[in-house]
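Everything below concerns the one structure shown next.
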Amino acid sequence: MQSSAWARFYSNSCCLCCHVRTGTIILGVWYLIINSVVLLILLSALTDPDQYHLTSAELGGEFEFMDDANMCIATAISLLMILICAMATYGAYKQHAAWIIPFFCYQIFDFALNTLVAISVLVYPSTIQDYLRQLPTNFPYKEEIMSVNPTCLVVIILLFISIILAFKGYLISCVWNCYRYINSRNNSDVLVYITTNDTAVLLPPYDDPVNGAAKDPPPPYVSA
């Protein structure tokens, strides 16, 4: 019963048009491009700190944005993400299931983090207004956003986060199905012939009958 329930969520296609292996490759390349762009921005900020350094007076708060420590941490995270995305792309292309696991774990972590954000907004809706007040005065559309009814603003944010979570959940299922497809393809030692919906007959590998016939040749022909 449990295996049949999991089988309902298994599919070899994603986005209604491509195979899960192709979809995982496209997803890995897309994340790889995004993190590469972020890494280039961070490296350019490290080489020219004055261009991206904002003081507390400019932000209107009591902290500084993108100091050296945060820049180094963000650069290390970007390098790690590039490595994980490259491993997932290579694993899906070369059909190595183990290489996809780090990317799948990252997706689970990202989904859990967004879920915690949605829960915090639902439990503490006043934190949205507090966060908006801490934004700089020159932040785009700050006054328009703060003028919206707080209840409507919470509903809009929760709806937006729910759409993101649904999309991320679908991507997680695509990567998981790709992992199952590659793993089952690499570990397939027998052929399965489905006779009915409830029964199946397992056939031995193709090489076994051939090898058995070679080991036991028929007796030589003797003329009468």
Of 84-92, 101-109, ordering from highest average Cβ density within 10 Å down gives 84-92, 101-109
Ranking request for peptides 142-148, 40-46: highest mean number of other beta-carbon atoms within 10 Å first, then the rest in descending order.
40-46, 142-148
Could you tell me the largest-minus-smallest coordinate of the C-alpha atoms of the stretch 92-185 on each of the three principal axes, in descending order and whole angstroms?
56, 25, 16
Could you work out Rg/(2.2 N^0.38 Å) for the stretch 139-184, with Rg from alpha carbons only?
1.90
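Bear in mind these aren't lab numbers, they're just calculated from the coordinates by the rules spelled out. In this text the structure is predicted, and so the values were computed from the model without any measurement. Glycine also receives a Cβ, built like all others from the backbone with ideal geometry; neighbour counts cover every protein chain displayed.
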